[in-house]
Every structure is written in structure tokens, then in C-alpha cells.
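Below is one structure; the comments refer to it alone.
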Amino acid sequence: MKDVAYREFPTWSPDGKKLAYHRALSEAIYIADIDERTAAHVVSSGRIAGFPAWSPDGSEIVFTYRFPHNIGRTALRIINVNTHEETTLFEVDEPATLIHAAWSPDGSKIAFLWSQKGVYVLDRDGSGLKKLVTGSSPAWSPLGNKMLYISDGIFTFDLGSRKSKQLTGDGNYDADWFDPAALSVQPDANLLTTTWGQLKQK
């Protein structure tokens with residue numbers, strides 16, 4: 001991969017062996033194999049698009065697609081990385097508004113930002129569209145029962161009670177979850193850090 005190109009939105013595959021990203025000049029999603037040090041074109045995305053996200057089992061990638069002959073139309077699409085079969089989940093007559101998609105841990109749902117409207121979620125088959133909160137940058141908890149989002153600070157949203165809880169003040173963004181179960185050695189709970197917002201509440 002000695003060529004020079006504008007690469008953006010990199011995201012690791014679940015097994016940590018590959019990296020999906022958007023290549024802006026090529027207007028496409030690529031996958032780089034870390035061991036072989038190669039990169040391959042996977043699917044076209046259109047201009048000002050991309051935002052790839054791997055499914056939990058690593059077999060699919062959801063991404064933002066803009067229609068080449070109608071840049072005012074945007075879609076969320078899924079590409080099967082093995083068969084290259086494409087599926088359109090949801091599309092709107094709005095430019096580049098369906099972004100930052102995130103899979104639920106069990107792969108059954110996909111949350112995303114519908115710009116200017118908020119965080120929405122739909123089923124893997126494209127049905128069941130509903131709004132969760134007014135915010136951005138959704139991130140599922142490891143158990144899939146809560147979601148982090150940004151709205152003048154970092155918030156959690158409980159999908160069961162549908163209640164939000166503010167963790168930090170304004171100026172914080174790009175939050176994600178820490179799952180101790182993913183570590184090879186379980187850390188001492190007393191050594192886990194917390195957020196400044198939570199400390200202030202005590």
C-alpha cells in the first residue's frame with residue numbers, strides 16, 4: 001500500500017485482521033488486510049459518503065451511499081464482504097444525511113444518525129424504523145441494552161426505559177464503551193476509571 005490516497009473513516013474488523021475505510025478520491029469502500037499488507041476495492045459509495053461499520057460476525061459492512069446521478073439522494077446500504085451482494089436498508093431524498101451507522105452487538109439492529117433529526121434505529125432487514133433520541137454518534141453498549149450519544153455532552157440512553165442520563169458537559173464527543181470482558185485478564189473493578197461527569201454527581 002505505497003500509493004498515496006485520501007483514506008477516511010477507518011474501522012477494524014471484529015477479528016482485528018482487516019481494516020475497512022473510505023477512499024474519497026475513488027468514492028469507494030476498501031478493505032486492507034493487515035497481515036498481507038494489501039487493499040481491495042469492495043463497493044462504490046459515491047461522493048461524500050462511506051462511514052463503513054462491520055457487522056459483529058465480520059461478514060457484512062453497512063455504509064453510506066450517495067447516488068452518482070442524484071447526489072441529493074442518500075442511502076444506507078449493506079455489502080456482504082464474501083459474496084459482494086448489496087442490500088439497501090433505507091434511503092431518503094436528502095444529501096449525505098444517513099451517517100455513523102452502528103450495529104447492535106447481536107447484529108439484529110443498526111443505529112445511525114439522520115442529520116438534523118437525531119439517532120434512529122432499524123432492523124437488519126430495513127424494517128422497524130424509529131427515532132431514539134435527538135443527538136448524534138450512536139454507540140451500542142456491549143450488552144445492547146443502552147446506547148451512548150452526543151448532545152451538548154455525552155449521554156446514555158436506556159432502550160428499555162427509554163430514559164437518558166447525562167454523563168459529561170458540553171465539549172465531549174466521539175464516546176465509546178469499555179468492555180472489561182473483552183480483555184484477556186479481568187481488571188480489578190476498583191482500578192477502572194470513570195468520567196468526570198459521574199464524579200461531579202457524587
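The values are calculated or read from the model by the stated rules, or taken from the named source; none is laboratory data. This structure is a prediction, so every number in the text was calculated from the model and none was measured. No Cβ is skipped: glycine too gets one built from the backbone with ideal geometry, and neighbour counts run over all protein chains shown. Side chains are part of the model used for accessible areas, which takes the heavy atoms of the whole protein and leaves out ligands, DNA and RNA. Shrake-Rupley method; radii C 1.70, N 1.55, O 1.52, S 1.80 Å.
Descriptive notes on the structure:
- Each label point was placed 7 Å from the Cα along the Cα-to-Cβ direction; for Thr83 and Lys130 their separation is 2.9 nm.
- With every protein chain in place, the range 62-149: carbon and sulfur % of accessible area (1.4 Å): 49 percent
- Ordering of 154-165, 68-79 by packing [mean C-beta count within 10 Å, highest first]: 68-79, 154-165
- Accessible area expressed per residue, the chain, with surrounding protein chains retained (probe 1.4 Å, Å²): 57 Å²
- Comparing Cα centroids, the range 139-161 and the range 7-59 end up 25 angstrom apart.
- For the chain, the longest site-free run once GluC sites (Glu not before Pro) in DSSP loop states with at most 12 other Cβ atoms within 10 Å are removed: 86-202
- Mean sequence separation of contacting Cα pairs (under 8 Å, at least six apart), scaled by the length of the range 1-122, corresponds to a relative contact order of 16 percent.
- Rh by Kirkwood over Cα pairs, then Stokes-Einstein D for the range 111-154 at 1.002 mPa s and 20 °C, µm²/s: 199 µm²/s
- In this Cβ point-charge picture (+1 for Lys and Arg, -1 for Asp and Glu), the range 17-163 has a dipole of about 420 debye about its Cα centre.
- Placing unit charges on the Cβ atoms only, positive for Lys and Arg and negative for Asp and Glu, gives the range 1-92 a dipole magnitude near 360 debye about its Cα centre.
- Nitroxide proxy distance, nm - points 7 Å out along Cα→Cβ at Glu27 and Asp152: 3.9 nm
- Here the Karplus relation 6.51 cos²θ - 1.76 cosθ + 1.60, evaluated at θ = phi - 60°, turns the backbone of the range 52-60 into coupling constants of x, 8, 6, 6, x, 8, x, 8, 9 Hz, with x for every Gly and Pro.
- Selected from Ala101, Thr83, Leu113, residue furthest toward positive end of dipole (the chain; charges at beta carbon): Leu113
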